[in-house]
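S.K.: Pasting a structure here, questions to come.
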């Protein structure tokens, strides 16, 4: 039939297409596939009044079908939005009312499940609020009704225990056990809620204890007990973060502890001969403390320089024994540039070694002249004289090695 229709006039073809679309829409409508029915009817370009009615009806039923599907997949809010739209078009539609009731029941069930989880986790007050919301959606939800009774029972037990703890806290205050009282009030506040009388008691006790701890810490600091002050101030800041005195003291103690840590590390680096690392740490100390530690930092820097000088002095003596005179003089001169005294023989030793370097320089110059004159014997003899005076003078050793190998 389709092959035959292709041979008809365009007008007949359009008419046939419209008929097929209408037939497809009718078939989908009868099978309650309203999405497909609406798509088929809406595809007709010049619909008749009857088709226009079918378009509106299939659209309406398609939206209703979408609302029903969303209820089934727990997308209740989206379903209710669609149902509101349908009710504005056709108020008091029985099917829409049925879907809405189903949505309410599904929402109530969801809330009842959430409330049950809260109850299992030990939050009966929060569970009660959620159960109330569930019953607002569906007052006949049995799970919410039963859960509400259990939540009320548990909340009542918590309230009783909370009141017991509250009065225990009052008794502990009378006995002077304020730390224990604060603990009792804190537990009572947890059971009775944030609007209970126990909350004010916790806050007041926390503020009082924090102030006393701050004063205790100041006494410890005056006595040089830095570690104990840090522990006490840690408790004070935890009890009352808004206590400015405790907070400032805590910051001071932390700064002092950090300074001591840096100085200790710098001292370790000085002892290990790592002067650059020690200097970086001492600069950090000055950044933290300014002039307060200036004298101590200066003393450590001097000691670091002395340690380096001792190390370089030993190395210079070793270089002397190895006839590395140039390097030994460089080390000694570096010591003289950063220290004052401490090595009484150093200046005499430097002057003596410098004379050897000058003689080595003369021998090296003679060797270069002999090399230029192509006098191999004189060249080698002058290099030997240079190396005997200073084995590390310029490239004399390399020249001597090349000359003697040829």
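The values are calculated or read from the model by the stated rules, or taken from the named source; none is laboratory data. Bear in mind that the values here come from a model prediction, so they are computed numbers and not experimental data. Ideal geometry is used to build each Cβ from the backbone, glycine not excepted, and the neighbour counts take in all protein chains shown.
S.K.: Report yes if residue 233 is under 19 Å from residue 285 (Cα atoms), part of a helix (DSSP H, G or I) and touching a helix residue (DSSP H, G or I) at 6+ places or on another chain (Cβ under 7 Å), otherwise no.
M.R.: no
S.K.: Enumerate the pairs (first residue in region 49-70 and free of Cβ contacts under 8 Å to residues at least 60 places away in the same chain; second residue anywhere and surrounded by fewer than 18 Cβ atoms within 10 Å (Cβ to Cβ) and in a helix (DSSP H, G or I)) with beta-carbon separation below 6 Å, excluding pairs fewer than 6 apart on the same chain, so at least 6 apart or on different chains.
M.R.: Going by the 6 Å Cβ cut-off, the qualifying pairs are 55/42; 62/35; 70/78.
S.K.: Could you please let me know if residue 182 is more than 22 Å from residue 247 (Cα to Cα) and either modelled with pLDDT under 85 or outside any helix (DSSP H, G or I) (or both)?
M.R.: No.
S.K.: Now for a different question. Return only the number of the condition from (1) surrounded by 16 or more Cβ atoms within 10 Å (Cβ to Cβ); (2) within 30 Å of residue 260 (Cβ to Cβ) that residue 390 does not satisfy.
M.R.: (2) is the only condition that residue 390 fails.
S.K.: Within region 373-406, count every residue that is at pLDDT 90 or above, out of contact with any helix residue (DSSP H, G or I) (no Cβ under 9 Å at 6 or more places or on another chain) and in a helix (DSSP H, G or I).
M.R.: Residues in region 373-406 being at pLDDT 90 or above, out of contact with any helix residue (DSSP H, G or I) (no Cβ under 9 Å at 6 or more places or on another chain) and in a helix (DSSP H, G or I): 3 in total.
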